[in-house]
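Chemist: Structure provided below as structure tokens; questions to follow.
The values are calculated or read from the model by the stated rules, or taken from the named source; none is laboratory data. As the structure is a computational prediction, the values presented were derived from the model and not from experiment. With ideal geometry, Cβ positions are generated from the backbone for all residues, glycine too; neighbour counts draw on all protein chains shown.
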Amino acid sequence: MKIIRKVGHLRQLMADAKDSGKMVGLVPTMGALHDGHISLVDRARKENDVVVVSVFVNPTQFNNAEDLATYPRTEEADCRKLDGAGVDFVFIPSVEEVYPEPDTRQFNLGDVAAVMEGAMRPGHFNGVAQVVSKLFEMVKPTKAYFGEKDFQQIAVIRRMVELEGFNLEIVDCPICREPDGLAMSSRNTRLTTEQREVAPVIHNVLSKSLDWAKTHSLDQTRRYVVDEINSAPYMEVEYYEIVNPRTMQPLAVWSDAPDGVAVGCVTAYCGKVRLIDNIKYIL
């Protein structure tokens with residue numbers, strides 16, 4: 001495994017791979033890697049000749065300075081995991097390398113970016129579009145891999161790809177969970193022991209809501225999830241929306257779900273740690 005820190009070096013290696021007719025898989029990450037990230041790498045390894053993983057904490061997608069400052073950075077451990085997973089190249093640039101000049105681009109991401117995370121974190125998705133578009137332009141991957149825990153983000157990235165005309169396939173991969181159901185996340189390491197014991201309530205309640213939804217309205221189901229999670233210590237729901245999985249727009253009634261599929265997206269604080277998760281309702 002080679003560690004690459006310069007954009008010029010990365011471009012040359014990727015050009016060589018493309019000239020050799022090789023398929024290139026890209027897994028963009030912000031580091032602090034866990035088994036969920038490695039599952040993306042495993043999928044990329046099976047489907048491509050060359051696997052590139054980027055490790056970059058992107059400042060333009062943080063609208064909270066404290067969140068950026070406290071985001072875990074574990075480069076040495078990350079590299080050990082990636083080497084063990086058979087990654088060919090890991091790209092670990094500095095902020096100055098990715099943004100030699102301020103990126104002032106504003107993407108017309110539309111409705112998919114206007115709700116939920118987009119509403120709660122102004123500018124977040126534009127920052128995601130900035131960095132991912134830069135990575136796509138540098139690597140020119142055949143396929144790029146993203147985890148479904150960030151369900152709305154995948155829709156935003158698909159919109160950015162459409163806007164920019166990138167020729168690649170976006171591959172969305174299932175959420176990886178701890179044995180107790182908590183969605184794997186780099187932020188989980190910031191939970192106290194007591195909070196870590198409570199946090200699985202998010203997935204547990206979402207799972208119970210699947211049966212609840214069979215005999216209750218969409219609005220009743222939404223309120224059930226919020227009330228049940230909020231009843232646990234340390235927990236406070238920021239939002240829970242049941243949305244159209246194509247447009248990310250909140251649904252009013254179950255019958256509005258396209259092809260009988262709706263997705264419930266939740267963000268909740270466990271203490272000061274912001275956790276996200278989602279679940280599919282098959283109606």
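Chemist: Give region 239-257 a look and list any residue that's among the charged types (D, E, K, R) and surrounded by fewer than 17 Cβ atoms within 10 Å (Cβ to Cβ), or say none.
Modeler: Arg246, Asp256
Chemist: Follow-up question, since we're still on this one. List pairs: first residue in region 260-283 and of a type in the set (D, E, K, R), second residue buried (at least 20 other Cβ atoms within 10 Å of the Cβ) anywhere in the structure, Cβ distance under 6 angstrom, at least six positions apart or on different chains.
Modeler: Short answer, once both residue conditions are applied: Asp277/Ala183; Asp277/Ile202; Asp277/His203; Asp277/Val266; Lys280/Val263.
Chemist: On to the next question. Would you tally the residues in region 80-104 being more than 17 Å from Asp42 (Cβ to Cβ) and among the hydrophobic types (A, V, I, L, M, F, W, C)?
Modeler: So the answer is 4.
Chemist: Here are some conditions: (1) at pLDDT 95 or above; (2) under 18 Å from the mean Cα position of the chain (by Cα); (3) more than 30 Å from Glu164 (Cα to Cα). Arg73 meets all but one. Which one does it not meet?
Modeler: (1)
Chemist: Here's something else I'd like to know. Could you please find all residues in region 243-259 being part of a loop (DSSP other than H, G, I, E, B) and either over 19 Å from Val112 (Cα atoms) or touching a residue at least 24 places away in the same chain (Cβ under 8 Å) (or both)? If you could, list the steps in order and put the result at the bottom.
Modeler: Residues of region 243-259 that are part of a loop (DSSP other than H, G, I, E, B), as a first pass: 244-249, 251-253, 257.
Within region 243-259, Pro245, Arg246, Thr247, Met248, Gln249, Leu251, Ala252, Val253, Ala257 qualify.
Chemist: Considering only region 87-107, how many residues are surrounded by 13 or more Cβ atoms within 10 Å (Cβ to Cβ) and assigned to a loop (DSSP other than H, G, I, E, B)? Show your work before the answer.
Modeler: From region 87-107, those surrounded by 13 or more Cβ atoms within 10 Å (Cβ to Cβ) are 87-93, 97-99, 103, 107; that's our starting set.
Within this subset, residues satisfying the condition of being assigned to a loop (DSSP other than H, G, I, E, B) are 87-88, 92-93, 99, 103, 107.
So the answer is 7.
So that you can scan it fast, the table gives a plain yes or no per residue for (1) touching a Lys or Arg at 6+ places or on another chain (Cβ under 9 Å); (2) assigned by TED's automatic domain parsing to the domain that holds Cys270:
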{"position": "Gly181", "(1), (2)": "no, no"}
{"position": "Arg190", "(1), (2)": "yes, yes"}
{"position": "Ala199", "(1), (2)": "no, yes"}
{"position": "Val205", "(1), (2)": "no, yes"}
{"position": "Gln220", "(1), (2)": "no, yes"}
{"position": "Asn230", "(1), (2)": "no, yes"}
{"position": "Glu236", "(1), (2)": "no, yes"}
{"position": "Ile242", "(1), (2)": "yes, yes"}
{"position": "Met248", "(1), (2)": "no, yes"}
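Chemist: Give the residue, chosen from Arg187, Arg158, that is within 25 Å of Thr70 (Cβ to Cβ), of a type in the set (Lys, Arg) and within 22 Å of the chain's Cα centre (by Cα).
Modeler: Arg187
Chemist: Of Val139, Val128, which residue is crowded, with 19+ Cβ neighbours inside 10 Å and more than 22 Å from Asn278 (Cα to Cα)?
Modeler: The match here is Val139.
Conditions (1) modelled with pLDDT of 95 or more; (2) under 27 Å from Leu251 (Cβ atoms); (3) touching a helix residue (DSSP H, G or I) at 6+ places or on another chain (Cβ under 8 Å); (4) aromatic (Phe, Trp, Tyr), marked per residue:
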site	(1), (2), (3), (4)
Phe136	yes, no, yes, yes
Pro174	yes, yes, yes, no
Ser207	yes, yes, no, no
Asp211	yes, yes, no, no
Asp219	yes, yes, no, no
Met235	yes, yes, yes, no
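Chemist: Test Arg43 against the stated conditions and say whether it is among the basic types (Lys, Arg) and over 17 Å from Arg187 (Cβ atoms).
Modeler: yes
Chemist: Any residue in region 22-35 that is touching a Gly at 6+ places or on another chain (Cβ under 6 Å), over 28 Å from Asn167 (Cβ atoms) and crowded, with 18+ Cβ neighbours inside 10 Å?
Modeler: no
Chemist: Report whether or not Phe151 is closer than 20 Å to Pro245 by Cβ, aromatic (Phe, Trp, Tyr) and either touching a residue at least 12 places away in the same chain (Cβ under 8 Å) or in the same structural domain as Glu47 (by TED's automatic domain parsing) (or both).
Modeler: It is true that Phe151 is closer than 20 Å to Pro245 by Cβ, aromatic (Phe, Trp, Tyr) and either touching a residue at least 12 places away in the same chain (Cβ under 8 Å) or in the same structural domain as Glu47 (by TED's automatic domain parsing) (or both).
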